[in-house]
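Q: Sharing a structure below in structure tokens format, with a few things to ask.
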Amino acid sequence: MSEERGRGPGAGRGAERDAEGWEGFAEEAEGTLGPSPELEAAMREAAESVEALQEQRRTAEAQGPGEPSQPPGAEAPNPGPSAAGALERVGELEQELAAAHERYVRLAADFDNFRKRALKDREEAHHFGHQALVKDLLPSVDNLERAVEHARQATGGEAASALLEGVELVLRELQAVLAKHGVQAIDALGQPFDPSLHEAMAQVPDATRPPNTVVEVYQRGYQLRGRLLRPARVVVSRAAEGSGATGRQGD
């Protein structure tokens with residue numbers, strides 16, 4: 001037994017030092033020592049541990065992300081309550097994701113259909129939006145054609161009188177049609193000048209009216225339900241020479 005113990009790593013090293021003496025010690029000091037069995041054993045253990053970890057990682061990758069990695073030969077443990085709850089939650093989230101994706105697809109289809117309908121409605125409004133107005137104007141056109149034809153058949157003063165009556169009738173009809181569709185004439189004569197409704201074409205001195213009063217209308221203006229269609233072209237008064245700027249003489 002004593003010989004076997006002496007043959008261990010430490011005993012062998014001690015025997016060699018005793019045999020080699022000072023020269024063996026000098027060689028060890030200079031860095032020519034042989035490999036240590038303890039170091040070799042530790043390195044082997046580390047290498048084995050690294051290989052075991054690599055093997056476990058390869059096994060986990062082969063099994064996929066959803067399967068827990070287990071060392072070779074080990075039995076898979078039964079999932080506990082927390083693991084079962086997590087799996088159930090994952091299933092619920094997958095169902096919610098599928099439902100949300102289906103809603104998104106339906107919403108995108110509905111929006112595309114709405115866009116197409118809106119484009120079609122806009123085109124129809126552009127081409128046929130004034131259909132009702134045109135339809136209401138047709139009787140006036142018919143009456144104007146009758147008045148012209150009657151004036152051609154008449155002679156002398158009857159022709160002029162018939163034409164005048166026909167034109168007046170058509171004018172009244174046109175005014176009624178415009179009023180029906182929300183068109184209102186701007187009453188500008190005698191009113192103070194309003195740049196939002198009137199367009200001044202000229203300015204004349206007038207001592208009978210206050211300055212900036214509409215004294216003549218060149219062209220009547222119109223509004224469509226309060227929105228200006230065309231301003232009234234008017235002549236505006238100004239103070240006469242020799243009178244006060246704001247004075248009013250007579251009516």
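Q: Would you pick out the residues in the stretch 122-145 that are in contact with a Leu (Cβ under 6 Å, 6 or more places away or on another chain) and of a type outside the set (Gly, Ala, Ser)?
A: Listed by number, the list holds a single entry, 143.
Q: If you don't mind, another one. If a residue must be out of contact with any Asp or Glu (no Cβ under 7 Å at 6 or more places or on another chain), without any contact (Cβ under 8 Å) to a residue 40 or more places away in the chain and of a type in the set (A, V, I, L, M, F, W, C), how many such residues does the stretch 223-238 contain?
A: Matching residues across the stretch 223-238 total 1.
Q: Only one of these conditions is not met by residue 167: (1) surrounded by 14 or more Cβ atoms within 10 Å (Cβ to Cβ); (2) under 21 Å from residue 144 (Cα atoms); (3) modelled with pLDDT of 90 or more. Which number is it?
A: Unmet for residue 167, out of (1) surrounded by 14 or more Cβ atoms within 10 Å (Cβ to Cβ); (2) under 21 Å from residue 144 (Cα atoms); (3) modelled with pLDDT of 90 or more: (3).
The values are calculated or read from the model by the stated rules, or taken from the named source; none is laboratory data. What you see is a predicted model; the values in this text were computed from it and never measured. Here Cβ is always computed from backbone atoms with ideal geometry, including for glycine, and neighbour counts include all displayed protein chains.
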